[in-house]
């Protein structure tokens, strides 16, 4: 028996197949485009679903799937009419629309009241302000809306005819009561949005039902194939890493670096939310996660590769080698004396400063490109240490980290992380931890495992654990004290510059 974990991102979707013993079988991936023009950042929900169909059909040719779990990115929503037709392009979280509506909602309800209900600091990045914008600017569209869905429940709806969303995705709308786990009538009323348009709320890992017969025939699936509500993609990574207990966190390094710790008490401190951290219900009753993230993770190394290692990239391509593995093997083995503030795409938590810029300090004529390469890794990791230090102020103190994403494939990077963070970090065997987590949820939903703990035993496999090297950890501890001063020191200078 095979089960599938579907992970839908902003630039592509993938379907990973496991068998019920927890063995990885296969994977299919399709890319699609985002449109960015005139300050509007959009994606076509129809294209997303077509891509989902493509990866399912590709897998279904070879594997009889008993169930498919669905995990997606958050915030972005789809509006459909009574026939299920998409009425408007889907706005991404980076789209600036909704700023004025968010301010109006804050004035109506109050910032502190919203935070206490929603577990997030209000922002136009979330769904509800953008829904308000759509109602204000396109009333002819709004009046024809039959359902408002995020990507997860949109795909579930297209496959089963049922519109239901799990708690973790609902928490990304800015309309979900994280304590009572329901849509907040108070917030929706203040927003002037009909809460009845939203999908039914369900626990993470709930069965939506069997796939529609016509969809089963189209995709080459059995009409008995079950569709499962997965979760927000960051939650899926935590599940796939086996991060189930307080004191544990998954560290995912892709384009963005995100640390997702587990905890069992919601901090009663407004500063947590002011710094951009969001509290999200987790898979066990009374447990939560939050997201500490940097907009620049692996993208910093890709920037270096594309701009300063073009020759090496061409060379290793011909030799069929990984450019990053080659750079890792040639960079200095010792900590650098450079400091990199990795705000190449702005600053995420704890600053949430979209206008922040990157900086490299300490350069001399003696430094080489490979010194800068290692310093980029160090800078990205210092930013994570800064977040862990801030989270500790709120009683969230993960000591055991589990590495996922592209960065987890680099032993050199993992050792640097262990040294800077001064705690062990364990690499996971799964290459696609998010889809592994979704398959774990799916296995539990259809009963091929007793519970998520048995799913962890079967599916989660660990590789090497990297421990801090005392000498390096001491050097980095001193360097970090200097690192913490950079952002505030250069912020006034950056604000005085003009960027087109």
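Some points to look at:
- Per-residue ellipticity at 222 nm computed for the chain from its helices equals -12000 deg cm²/dmol, with DSSP H segments shorter than 4 residues left out and the rest contributing -39,500 (n - 2.57).
- The stretch 1-25 versus the stretch 77-136: alpha-carbon centroid distance in Å: 31
- Using alpha-carbon coordinates, inclination of helix 369-392 to the longest axis of the chain, degrees: 60
- Ordering 189, 419 from the fewest to the most neighbouring beta carbons within 10 Å gives 189, 419.
- Each of 258, 439, 397, 13 was scored by other Cβ atoms within 10 Å of its Cβ. Listed from fewest to most, they are 397, 258, 13, 439.
- Cβ-based exposure ranking for 184, 116, 345, in which fewest neighbours within 10 Å come first: 116, 345, 184
- At R0 = 45 Å, FRET efficiency that the Cβ-Cβ distance of residue 21 and residue 116 yields, to 0.05: 0.50
- Computed from Cα atoms, the angle from the helix 433-446 axis to the main principal axis of the chain rounds to 30 degrees.
- The stretch 438-475-the stretch 317-363 distance, computed between alpha-carbon centres (Å): 28
- Rounded Å value of the spacing that divides the Cα centres of the stretch 178-211 and the stretch 383-401: 31
- Extension gain, residue 223 back to residue 488 (0.36 nm per residue minus Cα-Cα distance, nm): 89.5 nm
- Between the Cα long axis of helix 411-421 and the first principal axis of the chain there is an angle of about 80°, rounded to the nearest 10.
- DSSP finds beta bridges in the chain, and of those with both partners inside it, around 65 percent are antiparallel.
- Quarter of Cα convex hull surface for the stretch 2-240, i.e. mean projection, nm²: 12.3
The numbers here are math on the coordinates, done by the rules we state, and not lab data. Bear in mind the structure is a predicted one, so any value in this text is a computation, not a measurement. Using ideal geometry, Cβ is built from the backbone for each residue, glycine included, and neighbour counts are taken over all protein chains shown.
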